[in-house]
Amino acid sequence: MTTQPLETAPTAPAPRTGIAGQPDDTELTGYFAELAAAVEQADPGPAARGGWEERERVRVSVWVRTAYEHPLSAAVFGRPIGPVAHEVRAGQAAELGFRIDVGRGRAVPAKPSAEVRAVAAVAAMWAVTATAFGTAARPPRERVVADAWTVVRETIAPALVPEIPTYSWSRGTW
């Protein structure tokens with residue numbers, strides 16, 4: 001009887017780390033580019049079947065899932081936000097703010113503005129993801145995805161409520 005060697009899964013190269021075992025700016029840039037590429041590949045675009053909500057749900061879900069599975073995420077979310085992460089987060093918020101403005105159509109202007117809601121939604125998504133990495137026993141990935149989407153939806157939904165139509169009544173119709 002011959003024995004076959006156990007196949008091992010290929011391992012990702014060990015990350016180059018900067019100070020105190022943290023990823024350096026080059027690694028962070030690559031990391032965030034991977035997350036962005038995954039989101040862009042999955043983005044159904046403005047013609048998403050479920051409208052704005054479906055599109056944003058897909059984008060948030062893919063971002064959180066990809067971050068949750070990436071080997072650098074624990075190091076990225078386990079440290080204070082640095083300039084690279086700050087720039088990426090600001091870019092995500094600007095893009096979301098633009099999509100909110102475009103998706104509003106005839107909506108009543110949001111108070112606070114679409115940009116403020118977008119910044120809050122992206123910060124919340126990052127915070128939910130970071131919290132998952134900060135716990136001793138990481139919660140199931142899909143719970144983190146659902147939590148992140150719930151917070152994002154509740155933050156941006158009021159900006160996307162279409163204007164309520166007004167009806168004029170003819171005189172004497174009552």
Query - E69 being of a type outside the set (S, T, Y) and either under 19 Å from R117 (Cβ atoms) or in contact with a Gly (Cβ under 9 Å, 6 or more places away or on another chain) (or both) - result: no
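Is there a residue being at pLDDT below 80, open to solvent by 50 Å² or more (accessible area, probe 1.4 Å) and among the hydrophobic types (A, V, I, L, M, F, W, C) anywhere in segment 133-146? Step through it out loud before you land on a result.
If we filter segment 133-146 for residues that are at pLDDT below 80, which is where we start, we get none.
Looking for residues that are at pLDDT below 80, open to solvent by 50 Å² or more (accessible area, probe 1.4 Å) and among the hydrophobic types (A, V, I, L, M, F, W, C), one finds none in segment 133-146, hence no.
A quick yes/no check of all residues on (1) touching a helix residue (DSSP H, G or I) at 6+ places or on another chain (Cβ under 7 Å); (2) open to solvent by 40 Å² or more (accessible area, probe 1.4 Å):
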{"residue": "E40", "(1), (2)": "no, yes"}
{"residue": "P44", "(1), (2)": "yes, yes"}
{"residue": "V58", "(1), (2)": "yes, no"}
{"residue": "R65", "(1), (2)": "yes, yes"}
{"residue": "H86", "(1), (2)": "no, yes"}
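The values are calculated or read from the model by the stated rules, or taken from the named source; none is laboratory data. Since the model is a prediction, treat every value here as computed from it, not as a measurement. Neighbour counts run over all protein chains shown; Cβ positions are idealised from the backbone, glycine included. These area figures cover heavy atoms from the full protein model, side chains too; ligands, DNA and RNA do not enter into them. Shrake-Rupley method; radii C 1.70, N 1.55, O 1.52, S 1.80 Å.
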